[in-house]
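Undergrad: Take this structure, written in structure tokens, and hold onto it; I'll ask about it next.
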Amino acid sequence: MSFYASAVTQEKLNSDPREPHRSGVSLGLRPVARPLVPVTLALMAGIAAPAWGLRLPEPWLLTAAAALWAALAFIWWQRRPARFLPLILFALLGVAFHQQAWHPDFPPGHLTKLPQNQSLTLFGHLNQPGKLAGERVQLFMEAGSWRSPWGWRPVSGNLLVLAPVLELPPVGAGLVVRGRQAPPRGLQNPGTFNRPRFLAADGLFREVRLSDPGRLIFLAETQDYPWAERLRGGIRELLKSMDPAGRAIYLAMLLGDQGEITQEMRRNFSRTGTSHLLVINGLHLGMVALVTYFLSFWLLRCFPRLLLRVNAVKIATLLAAIPVVFYAWVAGGSPSTQRAEVMVLAYLFLVFLGRPGEVWSALALAALIILSLSPLRLFSISFQLSFAAVAFLIYLVPRLVEWTNWPKSDHPIRGVASHTLFRIKEWFIVSVVATLATAPLVALYFQVVSLLGILVNLVAIPLVLLLALPLGEAAVISQALSLTPVAQALVFVGKFPLWLGYQVIQWGAQVPGSAIITPTPTWLMIAAYYAVLVLVFYPRRTFLTWAGAGLAGLVLLTAAALPLATKPQTLEVTCLDAYGGLEGVLVTPENRRLVVSAPMPTRWGRPAPGWGPLPGYLHWRQFRRLDLAIALNLSEANAGELLTLAQQFNVGSFWYGRRDRAGAAYWDLANYLGDRGATPHSLDRDRPPAAVGPVALQYIKLAPDAAPALEVAYQGRRVLLLPPVGGLAAEALPAAAGSLDALVIPAELATSENRNHIISRLKPRRVVVYGDPGRSHAARTPWPVPCDFTREGAVSLYLDASGVTARQWRPLE
């Protein structure tokens, strides 16, 4: 980095102006004003490159890095400008950082070296606050030893434990876990959240899923818990007297604990674009630092003699850093909290140095520190939202404020009213810019864009973050100092602005059309959107900047309209990777769509309802309408996912075959559809659709109490989709009338013992196996016909008169 900033400077200082210029050297070149910004961008590009398929072997990386270092040393010795070589070096460092963080070299005694998918007994301690989610908790355990056949042996590494525990144990608690450790499970579908990479950013490469609470034992501590954990317990006791909504919001803002946030509350925050209030981010810590800074500066101004001896700005800056560090420490040090802490402290450091205007350098420094310590943080949602919002606030707010200012001589309002109006206008501009900056990323990850977010944030942020949050943080500090009555008084006062802020959020969420559901934008669309935003507000606009903005806008509109104008030429049957069950999407040549769902029998350990792969995949395909939704087996395992489809898509009708025992998720689905006059129909009692356009549908009964199978026919080609059979023998499958072009079966039927029966009775020319083939040993011996496994990636079958072709989606990394 020093080469990039100082090479040209050294050339100017050391060259004799009377000498002729050296070949290739221009003395008109100037050093880069903020070298951290391009360096950080180059590092980000290098970290992102492997996610797009760029993989470089380690010898190649070392060779390229050594060559660049040698080139930079030669350039420095020759006193020539380094130009773009340092950026290439940092890009290579980013590639190396990504590969090392995603596939690190573990020591011999690490958890990853232990046997997988075998029952093991592990001992360790909780090193982070757990997370409560419905009927399960996520526990972050630092392993210390494991029980081997030769006794207890030391082991290292972090382990994620998912268990049905209703109460969160304190940090530092000892525990013994007995279960099967395995790499984190992630679905291999386009549009699916990359869960293994998300956990790898926290150093979690193994997880244990427990269905029996007896396999998790918490050990009694012989000494007190850490002071921080006792303080968190005191804060929870302090908030017990509050109303449920206020307590849940305060717990999320002060301790980072979102366990008491209900689904209704999440929906209200999401529809109004205020979900960022529930996550401790730079805005929270920045507000605490801002309030502390101005209070400290005001107190120092009350002592004029003291101002003659000290620098009030630097003292106030140091005092502002104290509650920031304390806040992040009490909140448990989650990744988003640590990132926000680095961002705020980096800016306070520049203020302390007397360079508060170097906000770009502060932002780049914070990103450089975070990515150097944890490169995979670049792919986290909170990192991208935070840095995109801050970057565009720095870029756009000064320009928009200047453009909307009245000339002093022509201003119609003067005095205090003018100043107040200016602050309101400035806050409104900040809200608008933050919404515009994060809109494409919010659409990418959450498929929802709030239309009232600008107005709701304009009111909710001052109430919640400027009033309620500092009062809550002051209560935490008072509790830490054992001033419980003072803490109770502060919480009592703070609950009023908190209640009023949430009332505004509730009102905004109930307004019809307050938010719209959007398809998942592509990265090309996001890049074009940001290009338009940058070029339209470029400081020195020329014909080229306007032409670039117009071209980027054209690319954005074309990319958005292309999926609507594209018409399929064949029947497409896509089988998604799911947690054991059948999840399929059918698209006819007339662009009509049908989804099929048939889950495995409900058991604990599977994701909560609504977290199936269908919504994410359909958003990725940029579908808005579904003609049919057929649940061959309707249960608690897929009722929540179907409810998500009903809420986010325009679904023509719902049909179901076998219905398991109804639970809360089923009744939520039934009530939602019933209120809209779209009650689900039974495939047995009603008249199910026999065709979708030119595609014929047939429902085949497998057994009296079993879910039906679905046969799809188009232009003489047939595909049979079998649901999870739940113990049904392969010999009991009905014989097919003629051969099948493709057969979709669960992994439980794909055993080597069943293959001959399946081939002889159904005569498939191609087989697609969904579920986990490892436990059924389906992958050990080859099939006599082509076979694809959805566990390796979603499989799409394309049917026309010429036959059936298959394509399998593969992740780039």
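Undergrad: Roughly how many nanometres apart are two label points built 7 Å out from the Cα toward the Cβ at Asp675 and Trp523?
TA: So the two model labels end up 3.9 nm from each other.
Undergrad: Continuing with the same structure: Quick one: if the Förster radius is 25 Å, what FRET efficiency do Gln503 and Trp227 give, using the C-beta to C-beta distance and rounding to 0.05?
TA: So the FRET efficiency works out to roughly 0.10.
Undergrad: Another question, if that's okay. Using a probe of 1.4 angstrom, how much of the accessible area of the chain is carbon and sulfur, in percent?
TA: The value for the chain is 62 percent carbon and sulfur by accessible area.
Undergrad: Using helices alone, I'd like the mean residue ellipticity at 222 nm for the chain: each DSSP H run of four-plus residues gives -39500 (n - 2.57), total over residue count, nearest 500.
TA: Calculated from helices alone, the mean residue ellipticity at 222 nm is -14500 deg cm²/dmol.
Undergrad: Mind putting a number on the dipole of the chain about its Cα centre? Charges go on the C-beta only, +1 for Lys and Arg and -1 for Asp and Glu, and I need it in Debye to the nearest 20.
TA: In debye, rounded to 20, the chain gives about 1300.
Undergrad: Of Lys131, Lys567, which has the most accessible area and how do the rest follow, probe 1.4 Å?
TA: Lys567, Lys131
Undergrad: Please report the net charge: other residues with Cβ closer than 15 Å to the Cβ of Leu743, K and R +1, D and E -1.
TA: Result for the local shell: +3.
Undergrad: Still on this structure: For the chain, how many pairs of lysine residues have a Cα-Cα distance under 19 Å, where the two are 8 or more positions apart or belong to different chains?
TA: 4
Undergrad: Report the local net charge at Lys763: Lys and Arg +1, Asp and Glu -1, summed over other residues whose C-beta lies under 14 Å from its C-beta.
TA: Residues near Lys763 contribute +4 overall.
Undergrad: Once you have a ≥ b ≥ c as the square roots of the Cα gyration tensor eigenvalues for region 395-543, tell me rounded if a/c is under 1.5, and otherwise prolate or oblate according to whether a/b is larger than b/c.
TA: Oblate, because a/c is 1.5 or more while a/b does not exceed b/c.
Undergrad: To continue, here is another question. Please compute the per residue accessible area over region 497-543 with all protein chains in place, 1.4 Å probe, rounded to a whole number of Å².
TA: 56
Undergrad: Given the peptides 532-543, 353-364, arrange them by the average over their residues of other C-beta atoms within 10 Å, most packed first.
TA: Taking the mean over residues of other Cβ atoms within 10 Å, the ranking is 353-364, 532-543.
Undergrad: Positive end of the charge dipole of the chain (Lys, Arg +1 and Asp, Glu -1 on Cβ, about the Cα centre): tell me which of Val651, Thr435, Trp499 has its Cα farthest that way.
TA: The Cα lying farthest towards the positive end belongs to Thr435.
Undergrad: Give me the percent of DSSP beta bridges within the chain that run antiparallel, rounded to the nearest 5.
TA: Here the share of antiparallel DSSP bridges comes out near 70 percent.
Undergrad: If one computes the Cα centroid of region 98-172 and of region 631-657, what distance in Å separates the two points?
TA: About 36 Å separates the Cα centre of region 98-172 from the one of region 631-657.
Undergrad: Another question, then. How many Å² of accessible area per residue for region 151-230, probe 1.4 Å?
TA: Spelled out: the 1.4 Å probe surface of region 151-230, per residue, equals 48 Å².
Undergrad: Separate question: Kyte-Doolittle mean at least 0.5 and Cα extent at least 27 Å along the axis: which DSSP H helices of the chain qualify?
TA: Membrane-span-like by this rule: 58-78, 282-301, 312-330, 381-403, 416-446, 484-510, 543-565.
Undergrad: While we're here: Give me the net charge for the shell around Asp668: Cβ to Cβ below 14 angstrom, other residues only, Lys and Arg +1, Asp and Glu -1.
TA: -2
Undergrad: May I pose another question? Please work out the FRET efficiency for the pair Ile700 and Arg624, using the Cβ-Cβ distance as r and a Förster radius of 25 Å; give the result to the nearest 0.05.
TA: 0.20
Undergrad: A follow-up question, please. Restricting to DSSP loop positions (anything but H, G, I, E, B) with no more than 13 other Cβ atoms inside 10 Å of their own Cβ, which GluC sites (Glu not before Pro) remain in region 178-230?
TA: Filter output for region 178-230: Glu221.
The values are calculated or read from the model by the stated rules, or taken from the named source; none is laboratory data. Predicted model only: the values in this text are computed from it and were never measured. No Cβ is skipped: glycine too gets one built from the backbone with ideal geometry, and neighbour counts run over all protein chains shown. These accessible areas exclude ligands, DNA and RNA; they are computed on the full protein's heavy atoms, side chains included. Shrake-Rupley method; radii C 1.70, N 1.55, O 1.52, S 1.80 Å.
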